[in-house]
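In what follows, a structure is listed as structure tokens, so that the remarks can point back to it.
Read the figures in this text as sums done on the coordinates, not as results from a lab. In this text, all values refer to a predicted model and were calculated from it rather than measured experimentally. Virtual Cβ from ideal backbone geometry, glycine too; neighbours counted across all protein chains shown.
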Amino acid sequence: MKLVYWMYTGPAHVGILRVASSFKNVHAIMHAPLGDDYFNVMRSMLERERDFTPVTASIIDRYVLARGSREKVFNNIIRKDKEQRPDLILLTPTCTSSILQEDLQNFVNRASLSSRSDVILADVNHYRVNEFQAADRTLEQIVRYYLIKAREQGILKNQSVTTVPSVNIIGIFTLGFHNQHDSRELKRLLEDLGIKINEIIPEGASVKNLINLPKAWFNIVPYREVGLMTASFLQKDFGMPYILTTPMGIIDTADFIRQVQKNVNKLAPFFLNKTFDYESYIDYQTKFVSHAAWFSQSTDWQNLTGKKTVVFGDATHAASMTKIMVREMGINVSCAGTFCKHDSTWFKEQVQDFCDDILITEDHAEVADTISRIEPSAIFGTQMERHIGKRLGIPCGVISTPVHIQNFPLGYRPFLGFEGTNQIADLVYNSFTLGMEDHLLDVFGGHENKKVLTKLLSKETKFYWTLESQVELQKIPGFVRNKIKSNTEKFARQINVRTITVDIMYSAKKAFNI
């Protein structure tokens, strides 16, 4: 076991609670000791919702350890059933409480007999799966529970698909990266195409409406991390096709729309006696709604051509950003990486032709060392890479969870669709260019006048800068100072010198032609 102070994905119970709290009128009972109940604070702080997070902690204390948990868990379920009348109560342990190896399914079975709410146990292995995997499994479990229940009751017997094109959007949920904004953009895009939204799950959905899922013509899964298992279940049991292409960037958004057209035209001739052609819509949106295509040809943008960057994040966003950078912006991705180790095969297939190197890791120190070695002009990653970039003096645009509250904006900032291309273009351009303005702080006496600290990451060799060399370093404009410092230390490492003098600085300048 390895102790870390930074994690890219949380434990399994966080993913379960994210799904449960996304549904309307679903309450989660978390069987856990004090210390595991931080989800409520995290969600209320980041999402800034008006309502309280529907999660109750059934605390494990010394009395529980002495007598067992059954009565306490049972009483908490019955109490919430009487107080709030939820449609579903979801019981989940945490990694810590799973050590007790209690028969929680037996607790659920007993509570189901006395509760008017449906009660189920989140069926995931808390030791083997992370937050994303648990969320994906929990959403599929809830959908499966209600559809199989409806099938057994004969409710689905006479159900048919809608007479107009309709879709389900699967995987929009709380604490997702710009999920609410992406949902609005997808709805707008589909409305433009004349397609009805059947259901969006789990965010804002009612479990009572899950029986309506098979009415849609097909499903859309915007993000691989959550929703793929549900879409696979619906395809296998109900014959519903699904689209897994993320409409992010001009090229993939166009590809997404063509896949929508393909699926719509499977049923449109039978129900509407016609077929659909969206090519003119793609052409108009690309030319006049998405300004990214035009801007990438502008003089401003040409200054970024050939610059190198590092991309790191969840599999969906990191793969999409890598392809956008290379295909649509002419930027060199020196390294593309993801922390979704369980999806590494797919990720490698997506990015192998668009980057120099691929990094699959959950270790932020390894990511930091890679960035330090490559010395990119900008980074596009998570909140962790933003901190790494801050230490190295490299600007960073955040493109994936984990994120800070700044990436839960109140304003409209989608990453999907044609409007999303504008947001991405702004993010990329500003990340590269705003870092160049640091020299103005030197000119006007800003905070950059403080001493430059050695920014070593992981196990780098330490160097001693003489007082004269530090003074000389301060004379260099701020926007290139860290680059000069890094190259000087690289030169010193090559000639096996640990003390950096002014002479070493000039020798490095000559060696690197800087």
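Going by the alpha-carbon gyration tensor, a ≥ b ≥ c the square roots of its eigenvalues, is segment 294-444 rounded (a/c under 1.5) or, if a/c is not under 1.5, prolate (a/b greater than b/c) versus oblate? Judged from the Cα gyration tensor, segment 294-444 comes out rounded (a/c under 1.5). Using only the alpha-carbon atoms, how far is helix 12-22 inclined from the longest principal axis of the chain? Give it as 0 to 90 degrees, nearest 10. Helix 12-22 sits at roughly 60 degrees to that axis.
In the distance distribution for segment 156-307, Cα-Cα pairs more than 22 Å apart total 45 percent. By the Cα gyration tensor, the chain has an equivalent ellipsoid whose semi-axes, rounded to whole angstrom, run 46, 32, 17 from largest to smallest. Shown in residue order for segment 142-158 are the 3J(HN,Hα) couplings computed by the Karplus curve 6.51 cos²θ - 1.76 cosθ + 1.60 at θ = phi - 60°: 5, 4, 4, 4, 6, 6, 5, 4, 5, 5, 5, 7, x, 5, 8, 4, 9 Hz (x for Gly and Pro). Centre-to-centre, using Cα atoms only, segment 93-158 and segment 356-392 are separated by 38 Å.
Note on segment 12-129: Rg/Rh from C-alpha atoms, Kirkwood Rh, equals 0.94.
A straight Cα-to-Cα reach below 20 Å connects Lys307 with the aspartates and glutamates Glu328, Asp353, Asp356, Asp357, Asp369, Glu375, Glu385, Asp426, Glu437, Asp438, residues fewer than 8 places away in its own chain not being considered. Peptides 193-203, 41-51 ordered by packing proxy, namely the average of other Cβ atoms within 10 Å per residue, highest first: 193-203, 41-51.
In the chain, the calculated helix contribution to ellipticity at 222 nm averages -14000 deg cm²/dmol per residue, counting -39,500 (n - 2.57) for every DSSP H run with n ≥ 4. Using Cβ point charges alone (K and R +1, D and E -1), the dipole size of the chain about the Cα centre works out to roughly 640 debye.
When the charge dipole of the chain is built from unit charges on Cβ atoms (+1 for Lys and Arg, -1 for Asp and Glu) and taken about the Cα centre, the candidate among Gly306, Ser117, Gly417 whose Cα reaches farthest toward its positive end is Ser117.
A simple count of charges around Arg327, restricted to other residues whose Cβ falls under 13 Å of its Cβ and scoring Lys, Arg +1 and Asp, Glu -1, yields -3.
Electrostatic bookkeeping for Lys348 treats Lys and Arg as +1 and Asp and Glu as -1; over the other residues with beta carbon under 14 Å from its beta carbon, the sum is -2. A cut-off of 5 Å between modelled amide H atoms, ignoring neighbours fewer than 5 places along the same chain, links Cys335 with Thr309, Val311, Asp356, Asp357. Answer rounded, prolate or oblate for segment 309-385, using the Cα gyration tensor with square roots of eigenvalues a ≥ b ≥ c: rounded when a/c is under 1.5, else prolate when a/b is larger than b/c, else oblate. Cα axes put segment 309-385 in the oblate bin.
Remark: segment 294-444 carries a charge dipole of roughly 100 debye about the Cα centre, counting +1 on each Lys and Arg Cβ and -1 on each Asp and Glu Cβ. Classify segment 346-415 as rounded, prolate or oblate from the Cα gyration tensor: take a ≥ b ≥ c as the square roots of its eigenvalues, call it rounded if a/c is under 1.5, otherwise prolate when a/b beats b/c and oblate if not. Oblate. Pairs with C-alpha atoms separated by more than 21 Å, drawn from the list Lys24/Lys208; Lys196/Lys266; Lys157/Lys266, are Lys157/Lys266. Can you give the local net charge around Lys236? Use residues other than it whose beta-carbon is closer than 14 angstrom to its beta-carbon, Lys and Arg +1, Asp and Glu -1. So the surrounding residues net to 0. Under the simplified labelling scheme, the Asp87-Asn106 pair shows an inter-label distance of 3.2 nm, with each label point 7 Å from Cα along Cα→Cβ.
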